[in-house]
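Engineer: Below is one structure. I have some questions about it.
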Amino acid sequence: MCKTMSNKVVIIGLGKVGTMKSKIYRSLGYKVYTVDPHKNISAPNHFASLQKLPALQVALFEICTPTESHIEILEKVLNC
C-alpha cells in the first residue's frame, strides 16, 4: 500500500459499483467505511448517513451513487 495520510476510505453508496470498490480497497489494506441510507446493514463501519460517520482522517471519499446526486453528496461531504 502506498503511504498516504490515512488508510481510511469512505464509500458513499453500496450498489454494484460501491460494493465492488469496497472489496478492492479492503484487498489493498484500506479500512473501509460505508454510507448508504438505503441499505440496512449491521456492520461496525457502515452508517446510514454522513452525519453519523465519526470524525476521521480520510484518504479518499468515493461517491458511488447515481450521477444526478453527486453534487448534492459532495456538498454534504464538504460540510461535514
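The values are calculated or read from the model by the stated rules, or taken from the named source; none is laboratory data. Note that the coordinates shown come from a computational prediction; the quantities given were computed from them, not determined experimentally. Every residue, glycine among them, receives a Cβ derived from its backbone with ideal geometry; neighbour counts consider all protein chains shown. Heavy atoms of the whole protein, side chains included, go into the accessibility calculation; ligands, DNA and RNA do not. Shrake-Rupley method; radii C 1.70, N 1.55, O 1.52, S 1.80 Å.
Engineer: Based on DSSP H runs of at least 4 residues, each adding -39500 (n - 2.57), what is the mean residue ellipticity at 222 nm of the chain after dividing by all its residues, to the nearest 500 deg cm²/dmol?
Structural biologist: -8500 deg cm²/dmol
Engineer: Taking amide H positions as placed in the peptide plane 1.01 Å from N, state which residues far from Phe47 in sequence (5 or more) or on other chains have amide H under 5 Å from it.
Structural biologist: HN-HN under 5 Å from Phe47: Thr34, Val35, Asp36.
Engineer: Along the range 66-76, what does the Karplus equation 6.51 cos²θ - 1.76 cosθ + 1.60 (θ = phi - 60°) give for ³J(HN,Hα), rounded to whole Hz, x for Gly and Pro?
Structural biologist: x, 3, 5, 9, 4, 5, 4, 5, 4, 4, 5
Engineer: Rounded to a whole number, what % of the accessible area of the range 15-54 do carbon and sulfur atoms account for, probe 1.4 Å?
Structural biologist: With neighbouring chains kept in place, the figure for the range 15-54 is 58 percent.
Engineer: Averaged per residue, what accessible area in Å² does the chain show with a 1.4 Å probe, protein chains only?
Structural biologist: With all protein chains present, the chain gives 69 Å² per residue.
Engineer: Compare the peptides 54-65, 7-18, 29-40 by average per-residue count of other Cβ atoms within 10 angstrom and give them in order, highest first.
Structural biologist: 7-18, 29-40, 54-65
Engineer: Now, a different point. Helix 16-27 versus the longest principal axis of the chain: what angle, 0 to 90°, nearest 10, using Cα atoms?
Structural biologist: Roughly 20 degrees between the two axes.
Engineer: Right, something else. Which whole-number percent is the relative contact order of the chain (Cα, under 8 Å, 6+ apart)?
Structural biologist: Computed over the chain, the figure is 37 percent.
Engineer: For the chain, place one equal point scatterer on every Cα, skip the solvent, and apply the Debye formula. What is log10 of I(q)/I(0) at q = 0.14, 0.20 Å⁻¹?
Structural biologist: -0.42, -0.89
Engineer: Calculate the spin-label point distance for Glu72 paired with Lys39, positioning each point 7 Å from the Cα along the beta-carbon direction, and give it in nanometres.
Structural biologist: 1.9 nm
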